[in-house]
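Could you have a look at this structure, given as structure tokens, before my questions?
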């Protein structure tokens, strides 16, 4: 259960993370690590050791789901730690839902950024060319031609996914 104090904590975390990500392309440890700890403390305070383990499981799910994109250099370490902090606050199943919504929001964000950069026709052409190249090579090659000249701030996608979840959108219909 996500209590009002947790919603306040999440909102503050996401506002600050979005600001630092936009301003400096970083989500700092001084923000994410205390948020992870506070999530664990809140769960422990609410329900004892069992709920503390629930928060720890959420932290693990949030972090685990974003380790592969980090390893592929698709997102930064701050994004992984932000998702871990969100998971520590909301728990494992909610962290999974938020991660899915964040990936969807991130895809929309990336398409919007590409369309802004290259226009609708240019974006469609680049994506079609890349998809064709991947199809021909059995998924082994994507065109580097779709590389944006600026870095996407994935903290914004995590914030959007979290806010969508808190607003009642749940990918599993729960």
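The values are calculated or read from the model by the stated rules, or taken from the named source; none is laboratory data. Since the model is a prediction, treat every value here as computed from it, not as a measurement. When we count neighbours, we look across all protein chains shown, and the Cβ atoms used for this are built from the backbone with ideal geometry, even at glycine.
Can residue 85 be described as closer than 17 Å to residue 167 by Cβ and in contact with a helix residue (DSSP H, G or I) (Cβ under 6 Å, 6 or more places away or on another chain)?
no
Now, a different point. Residue 44 fails exactly one of the following numbered conditions: (1) surrounded by 16 or more Cβ atoms within 10 Å (Cβ to Cβ); (2) modelled with pLDDT of 95 or more; (3) assigned to a helix (DSSP H, G or I). What is the number of that condition?
Condition not satisfied by residue 44: (2).
I would also like to ask the following. Within the range 3-29, track down each residue that is over 15 Å from the mean Cα position of the chain (by Cα), closer than 16 Å to residue 88 by Cβ and in a helix (DSSP H, G or I).
5, 6, 7, 8, 9, 12, 29
Something else: Considering each residue of the range 77-95, count those that are surrounded by fewer than 20 Cβ atoms within 10 Å (Cβ to Cβ) and in contact (Cβ under 8 Å) with a residue 60 or more places away in the chain, and give that number.
Number satisfying all stated conditions: 1.
Any residue at all in the range 58-68 that's at pLDDT below 95 and either surrounded by 24 or more Cβ atoms within 10 Å (Cβ to Cβ) or more than 19 Å from residue 165 (Cβ to Cβ) (or both)?
Let us first name the residues in the range 58-68 that are at pLDDT below 95, namely 68.
Subset that is either surrounded by 24 or more Cβ atoms within 10 Å (Cβ to Cβ) or more than 19 Å from residue 165 (Cβ to Cβ) (or both): 68.
Checked the range 58-68: at least one residue is at pLDDT below 95 and either surrounded by 24 or more Cβ atoms within 10 Å (Cβ to Cβ) or more than 19 Å from residue 165 (Cβ to Cβ) (or both).
If only one of 9, 13 is over 15 Å from residue 155 (Cα atoms), surrounded by 14 or more Cβ atoms within 10 Å (Cβ to Cβ) and touching a residue at least 12 places away in the same chain (Cβ under 8 Å), which one is it?
Numbers: 13 fails: over 15 Å from residue 155 (Cα atoms).
Checking each option against the conditions leaves just 9.
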